[in-house]
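The values are calculated or read from the model by the stated rules, or taken from the named source; none is laboratory data. This one's a predicted model, so the numbers in the text were calculated from it and none came from an experiment. Here Cβ is always computed from backbone atoms with ideal geometry, including for glycine, and neighbour counts include all displayed protein chains. Quick note on the areas: whole protein, heavy atoms, side chains included, nothing else; ligands and nucleic acids left out. Shrake-Rupley method; radii C 1.70, N 1.55, O 1.52, S 1.80 Å.
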Amino acid sequence: MSQSIPAVSQSSRKLHFSVYGKNNSKVSDGMSTQYPVVDHEFDAVVVGAGGAGLRAAFGLSEAGFNTACVTKLFPTRSHTVAAQGGINAALGNMEGDDWRWHFYDTVKGSDWLGDQDAIHYMTEQAPHAVVELENFGMPFSRTEDGKIYQRAFGGQSLKFGKGGQAHRCCCVADRTGHSLLHTLYGRSLRYDTSYFVEYFALDLLMEDGECKGVIALCMEDGSIHRFRSKNTVIATGGYGRTYFSCTSAHTSTGDGNAMVTRAGLPCQDLEFVQFHPTGIYGAGCLITEGCRGEGGILINSEGERFMERYAPNAKDLASRDVVSRSITIEIREGRGCGPEKDHAYLQLHHLPPQQLATRLPGISETAMIFAGVDVTKEPIPVLPTVHYNMGGIPTNYRGQVITHTTEEGDKVVPGLFACGEAACASVHGANRLGANSLLDLVVFGRACAHTIADICTPGEKLSPLKPNAGEESVANLDKLRFADGNMRTSEIRVNMQKTMQNHAAVFRTGKVLKEGCDKMDAVYQTLDDIKTFDRGIVWNTDLVETLELQNLMLNAVQTINSAEQRQESRGAHSREDFKDRMDELDYAKPLAGQVRKPIEEHWRKHTLSTVDPKTGKVTLKYRPVIDNSLDAEDCAAIPPAIRSY
Amino acid sequence: MKRISLSNTGKVTIFSKLTLTVKVVFPGHLCCCCPVFHTMARHSKLQKQVLSLFRQFLRAGQDKPGFLPRIRDEFRENSSIKKTDVMHIEYLYRRGQRQLDQLKDVNTKQLGTFSKPKAER
């Protein structure tokens, strides 16, 4: 393989930029490849139009900013639409509730890796955010007296864990994400945001460490567009598609994380990938945690409700990582269901059929279509499936993207913001509680809009940008469009997905992870040998899939390398060779007399990973967790403790 | 007096004995996208729509650098499509309308180009 000429010429690939029509004498017409570039100027650009992107976009328009929303999918097709469970908020409709108890549950759920100031902000804003959504017209399920129906969800408790199961997940039957996204979309039409639908964002326009906009490819006519603005918000979602089996859409390709990586900025905590306990066996479609909230139970081949052994108090409503691990252990110990004993059963037929029909109509349908199962008679075959990425672009609690140096600590990157699954605020830490993600979207989408309104005014003059900004992105596009190697995009993608699935699954071991890192590095190198077939520029889906593959690869290498380095078990990252959590103090024993370990010797810290896109080499740094809440009197920070349900 | 008969080639027969070949400006028209002199054939509805779009583009692109040459290039390139290929023309027309809306938007500022000589590949 090394003997053949490399697929793409390594000679200088300099592209020449000029205003169309002028200075074209150097380049003879008809003999060159030309990419027309349209320049736009806005006050703010939002990349992504899911829950977080739409909320940020119309929040900015409401504040008077001239906003553009660049999205590769029509807004109502973003993956937010598939969310089923609900939004947590301490409204107190089912029983007395307090947002500080929600704060405690979220901090504990994150296994003390979440930044408590961001969690304080999110849980305090939660009731207000849900009421705002209700005022936008979101059709929540209702109780008998007309208040918003709240169901039980995993990891939610009363009185700081001592008061039993809390009912604080506000839901719309089992299609909350669908309602949320359609409500937000409908609301957004009232404002004059400019939507650029089916525009694939290629890269950030960075100059002197400041973000000055985005460059995107219009899929419809193949033109390049540069959106210059003082504020860029990234809300591009997660990267579930790095794994072979996931609950995410095919479009969840981590484009925002990759854009930030190529800009030389770090991504945070990418090793924390959540495996949702109940994805349908085979298809991978999601069965919401709400089923267990309504009373569904998980059983093994012996018909035993095995969660009683692993989480005596919370049972099936323990935190997702605990449940996923329990199912995996049951399967490994031979008590799996089915002919190959490789999955578990989710039983719902003991619940009254009217309850199933009113509260869980969507999953009844899903189970029938994808598993051929009638939920009123038979149990659903389920398996832990990749569902959510806790990690992403590091931000502070206001939504501003940050970098970190040991000397100066956290430093804001001017002009760049992030929210939603793409960001890592970090409210979810090492594990996300169910129904906190939709809350994260609306709260931090709004927070980004507020922060921008605080620091900027509409109509501000833009700083100058060099005329050939975005040249590397267009050169990369050109290279991929004419790529003529030996391996197809789909082959490389499947290799990456299988490597991740086999080497970075629910339970991870050092040796297997190391092997995975080496295999992933080899797969990364095969990107140079890629072959594409469509040479056109109009609706070139081959090209777009290849760009998405490049983005996925950057996410995958960071995920597996960070996982290999983290030698402890915390939240969703569980190592068989390092079964315990390693904090600065040993919280299993009495604290008196213990010496606090320095940050280099313990693992209660955020991972910051950067990649050299040419070689695929990952560099890791670490950043301390923020342990103080926004207001110590109003809401005391929770000191770390042993996490058991 | 014999009627003056007009023909495509510009021959005018005034008197039966005298035939002059003169250059006459016909009531036909010059198609602005291609160097063909149409005469009796009026523009079809689709042709009129395309011409109207072209004029709107030229007006919209006046004050923004880089658009006018590109507009002319695109229309010139697509003028070679056969008149009968209506599907293609309508598709380009719809796309052109969307692009025109974007051009008219106050936030669109200029058109540049990244170009690369083919010889280098």
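The criterion of being open to solvent by less than 70 Å² (accessible area, probe 1.4 Å), away from every other protein chain (no Cβ under 14 Å) and either assigned to a helix (DSSP H, G or I) or in contact with an Asp or Glu (Cβ under 9 Å, 6 or more places away or on another chain) (or both) holds for residue B:49.
Residues in region B:52-67 that are touching a residue at least 24 places away in the same chain (Cβ under 8 Å), open to solvent by less than 40 Å² (accessible area, probe 1.4 Å) and more than 14 Å from every other protein chain (Cβ to nearest Cβ): B:53 alone.
So, in region A:374-405, exactly how many residues are hydrophobic (A, V, I, L, M, F, W, C), free of Cβ contacts under 8 Å to residues at least 24 places away in the same chain and out of contact with any strand residue (DSSP E or B) (no Cβ under 7 Å at 6 or more places or on another chain)? Step through it out loud before you land on a result.
Just the residues of region A:374-405 that are hydrophobic (A, V, I, L, M, F, W, C), to begin with: A:375, A:380, A:382-383, A:386, A:390, A:393, A:401-402.
With the extra rule that they be free of Cβ contacts under 8 Å to residues at least 24 places away in the same chain, the set shrinks to A:402.
Checking the rest, the ones that are also out of contact with any strand residue (DSSP E or B) (no Cβ under 7 Å at 6 or more places or on another chain) come to none.
So the count comes out to 0.
Are any of the residues in region A:74-96 in contact (Cβ under 8 Å) with a residue 12 or more places away in the chain and either within 14 Å of chain B (Cβ to nearest Cβ) or of a type in the set (Phe, Trp, Tyr) (or both)? Yes, because at least one residue in region A:74-96 is in contact (Cβ under 8 Å) with a residue 12 or more places away in the chain and either within 14 Å of chain B (Cβ to nearest Cβ) or of a type in the set (Phe, Trp, Tyr) (or both).
Which residue out of A:468, A:502 is at pLDDT below 95 and under 23 Å from residue A:253 (Cα atoms)?
A:502
Residue pairs whose Cβ atoms lie under 8 Å apart, separated by 6 or more positions or on different chains, with the first residue in region A:462-484 and at the interface with another protein chain (Cβ under 10 Å from one of its Cβ atoms) and the second in a helix (DSSP H, G or I) and not basic (Lys, Arg), are A:477/A:543; A:477/A:547. Among the residues of region A:248-275, those identified as buried (at least 23 other Cβ atoms within 10 Å of the Cβ) and in contact with a His (Cβ under 9 Å, 6 or more places away or on another chain) are A:248, A:252, A:266, A:268, A:269, A:271, A:272, A:273, A:274, A:275.
Got at least one residue in region A:344-359 being at positive phi and surrounded by fewer than 24 Cβ atoms within 10 Å (Cβ to Cβ)? Checked region A:344-359: no residue is at positive phi and surrounded by fewer than 24 Cβ atoms within 10 Å (Cβ to Cβ).
Filtering region B:68-121 to residues that are of a type in the set (Val, Ile, Thr), part of a helix (DSSP H, G or I) and either touching a strand residue (DSSP E or B) at 6+ places or on another chain (Cβ under 6 Å) or facing chain A (nearest Cβ under 7 Å) (or both) leaves nothing. If you go through region A:61-69 one residue at a time, do you hit one that is within 14 Å of residue A:185 (Cα to Cα), open to solvent by less than 40 Å² (accessible area, probe 1.4 Å) and either more than 10 Å from chain B (Cβ to nearest Cβ) or modelled with pLDDT of 85 or more (or both)? Scanning region A:61-69, I find at least one residue that is within 14 Å of residue A:185 (Cα to Cα), open to solvent by less than 40 Å² (accessible area, probe 1.4 Å) and either more than 10 Å from chain B (Cβ to nearest Cβ) or modelled with pLDDT of 85 or more (or both), so the answer is yes.
Taking the options A:19, A:38, A:46, name whichever one is at pLDDT 55 or above, within 25 Å of residue A:222 (Cα to Cα), open to solvent by less than 10 Å² (accessible area, probe 1.4 Å) and not basic (Lys, Arg).
On the way: A:19 fails: open to solvent by less than 10 Å² (accessible area, probe 1.4 Å); A:38 fails: open to solvent by less than 10 Å² (accessible area, probe 1.4 Å).
When all the criteria are applied, what remains is A:46.
Within the bounds of region A:113-124, is there any residue that is more than 23 Å from residue A:427 (Cβ to Cβ) and either assigned to a loop (DSSP other than H, G, I, E, B) or out of contact with any helix residue (DSSP H, G or I) (no Cβ under 7 Å at 6 or more places or on another chain) (or both)? No, the conditions are met nowhere in region A:113-124. Taken over region A:206-225, the criterion of being closer than 30 Å to residue B:93 by Cα, more than 9 Å from every other protein chain (Cβ to nearest Cβ), surrounded by fewer than 23 Cβ atoms within 10 Å (Cβ to Cβ) and in contact with a Lys or Arg (Cβ under 8 Å, 6 or more places away or on another chain) is satisfied by A:219 alone. Give the residues of region A:182-205 that are hydroxyl-bearing (Ser, Thr, Tyr), more than 14 Å from chain B (Cβ to nearest Cβ) and part of a strand (DSSP E or B), sorted by residue number. Passing the criteria: none in range. Output the residues belonging to region A:159-200 that are open to solvent by 10 Å² or more (accessible area, probe 1.4 Å) and within 23 Å of the chain's Cα centre (by Cα). Selection gives A:175, A:178, A:182, A:183, A:185, A:195, A:196, A:197, A:198, A:199.
Residue A:118 fulfils the conditions (1) crowded, with 20+ Cβ neighbours inside 10 Å; (2) of a type in the set (A, V, I, L, M, F, W, C); (3) in contact with a His (Cβ under 8 Å, 6 or more places away or on another chain) except for a single criterion, (3). The number of residues in region A:70-97 being of a type in the set (S, T, N, Q), touching a strand residue (DSSP E or B) at 6+ places or on another chain (Cβ under 7 Å) and either more than 14 Å from residue A:196 (Cβ to Cβ) or open to solvent by 20 Å² or more (accessible area, probe 1.4 Å) (or both) comes to 3.
Out of A:546, A:509, report the one residue that is under 21 Å from residue A:242 (Cβ atoms), at pLDDT below 95 and among the hydroxyl-bearing types (Ser, Thr, Tyr).
Numbers: A:546 fails: at pLDDT below 95.
Checking each option against the conditions leaves just A:509.
One line per residue, one yes/no per condition, for (1) part of a loop (DSSP other than H, G, I, E, B); (2) at pLDDT 95 or above; (3) closer than 15 Å to residue A:638 by Cβ:
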| site | (1), (2), (3) |
| --- | --- |
| A:103 | no, yes, yes |
| A:106 | no, yes, yes |
| A:152 | no, no, no |
| A:155 | no, no, yes |
| A:163 | yes, no, no |
| A:180 | no, yes, no |
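In the set (1) open to solvent by 20 Å² or more (accessible area, probe 1.4 Å); (2) within 30 Å of residue A:582 (Cα to Cα), the condition left unmet by residue A:463 is number (2). Restricting attention to region A:43-72, which residues are in contact with a His (Cβ under 9 Å, 6 or more places away or on another chain) and in a loop (DSSP other than H, G, I, E, B)? Scanning region A:43-72 gives A:50, A:63.
Taking region A:216-265 as the range and being part of a helix (DSSP H, G or I) and closer than 21 Å to residue A:42 by Cα as the test, the residues that pass are A:256, A:259, A:260.
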